[in-house]
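Below is a structure I'd like to ask you about.
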Amino acid sequence: MNRMIRAFALPILAATFTCLPALAQDHPDQDRHDQAQSQDRHDNGTYRHHDEWKKGSRIPQEDWNRGEKADYRANHLRRPHEGHEWRQIDGNYVLANRDGTIASVRLAPRNHESSHDQHPQ
């Protein structure tokens, strides 16, 4: 009986260990699903530098819409002028008016840094 169990158990174990790497691989459709999800939600936890975001330039509507409205008082930002709004996008605070013209860009604090450590871009 023990011989019979060993005779079947060894090939089953070998097949199991051989198939595990194939089962653990990511599927291409999973990557597309993850990308679609990340586009649908706000992504403010990770800093991303944007050379194109400068005073006087326009921020793309898609980027603006990804951002969350930032409370200037709570985040120690200057009070926005009439028709302007602060948004937190990709780890940056962006101040822009209704047509998307940027008035200011500041680095949002990371890892509980104090607001005094913010550096304008």
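The values are calculated or read from the model by the stated rules, or taken from the named source; none is laboratory data. What you are looking at is a predicted structure, and each value in this text was computed from that prediction instead of being measured. Positions of Cβ are backbone-derived with ideal geometry, glycine not excepted, and every protein chain shown enters the neighbour counts. SASA here: full protein model, heavy atoms, side chains in, ligands and nucleic acids out. Shrake-Rupley method; radii C 1.70, N 1.55, O 1.52, S 1.80 Å.
Cβ-Cβ below 8 Å, separation at least six or inter-chain, first residue in region 46-61 and surrounded by fewer than 11 Cβ atoms within 10 Å (Cβ to Cβ) and part of a loop (DSSP other than H, G, I, E, B), second of a type in the set (A, V, I, L, M, F, W, C) and at pLDDT 95 or above: which pairs?
Pairs found: G56/I102.
Let me ask something additional. For region 81-97, what are the residues that are within 16 Å of W53 (Cβ to Cβ), part of a loop (DSSP other than H, G, I, E, B) and in contact with a strand residue (DSSP E or B) (Cβ under 8 Å, 6 or more places away or on another chain)?
Residue satisfying the conditions is G91 alone.
A follow-up question, please. Any residue in region 62-78 that is more than 14 Å from A103 (Cβ to Cβ) and assigned to a strand (DSSP E or B) sitting within a Cβ distance under 6 Å of a residue that is open to solvent by 40 Å² or more (accessible area, probe 1.4 Å) and polar (S, T, N, Q)? List the pairs, counting only those 6 or more apart or interchain.
E68/Q88
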